[in-house]
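Throughout, read-outs are computed from the coordinates displayed, never taken from laboratory work. Note that the coordinates shown come from a computational prediction; the quantities given were computed from them, not determined experimentally. Backbone-built Cβ (ideal geometry, glycine too); neighbour counts: all protein chains shown.
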Amino acid sequence: MDKYIDIFLNSFTGYFNYLVEEIQNPSWTNYFWWLLGLSFLVLILEILIPWRKDQKIFRRGFWLDVFYIFFNFFIFSLIGYNAISNIFVELFNDFLNLFGIDNIVAFHIQDFPVWLQLLIMFLVADFIQWNVHIQLHKQPWLWKFHKVHHSVKEMGFAAQFRFHFMETIVYKSVQYLPLAMIGFGIEAFFVVHMFGVLIGHLNHANLSWDYGIFKYIFNNPKMHIWHHSKALPKSHPYGMNFGLSLSIWDYLFGTAHVPKDGRDIELGFENDEDYPQDFWKQLKQPFKE
């Protein structure tokens, strides 16, 4: 028990020190500054070549979304998620040790070229996220939390990060086992994550891109706007275009839907008129429902 208490307590100081180090020491492998840099890059694109030209640069909900960026990726970890995650991993490893299992690596790919390791991780993670995303729409108890993300009424890059902290728990829990079974031989695979952040920024941005022929591979603003459509077609009662970085899963499995130019469609969900539009109320709303 003392071991778990130590892990819990050390996780707070460890993550705090890590965060301070990230902020004070910009580098090529620094997540904090990469996140800010990519965010400013896409914001500049929105200013220079906006799709909805009458939409304000600092649109409705912009500052709320900015706060969500820092809460979901830094504050949430600092106030407990990182500590709980570390304890879970230790408990899981101790459970495996009861059966004489040191780890659950089933696929040893550490001898593959780095680019291939990154590609495999990207494809596996994105396919898992696509499946989880569908369940966020189909399962009523999960939809209550996912409504926070769909409460966005004007689309912009930062809307990517407006989501309830329970989504982090669900996504990471489902991803943990399959990714742990793949023996990646690299530590700094944050490249995959940052690429996902960039694609997610662009998906939600006020941009008119669809990438031409590559729209069938990568999610894009013209496709993702329909995912946020308030009106759902009868053929897709739970939603459509569930891909996070890749659109290929939607085209392969019949969940793609881009009927026309969706620049000016209404966003949200049924009866969203009274849904709270401030952080603390949105955090509590799913539990109230």
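List of remarks:
- Stretch gain in nm, segment LEU252-LYS172, where the contour uses 0.36 nm per residue and the Cα spacing is subtracted: 26.3 nm
- Cβ charges +1 (Lys, Arg) and -1 (Asp, Glu), total dipole of region 138-289, debye: 200 debye
- Candidates per trypsin sites (Lys or Arg not before Pro) in region 189-256, loop by DSSP, up to 11 other Cβ within 10 Å: LYS234
- In the structure shown, the pairs LYS144/LYS284; LYS144/LYS234; LYS138/LYS281 are assessed against 19 Å; a Cα-Cα span above that value is assigned to LYS144/LYS234; LYS138/LYS281.
- In this structure the amide hydrogen of PHE218, modeled in the peptide plane, comes within under 5 Å of the amide hydrogens of SER247, none closer than 5 places in sequence on its chain.
- Filtered trypsin sites (Lys or Arg not before Pro), region 237-289: DSSP coil and at most 11 other beta carbons within 10 Å: LYS260
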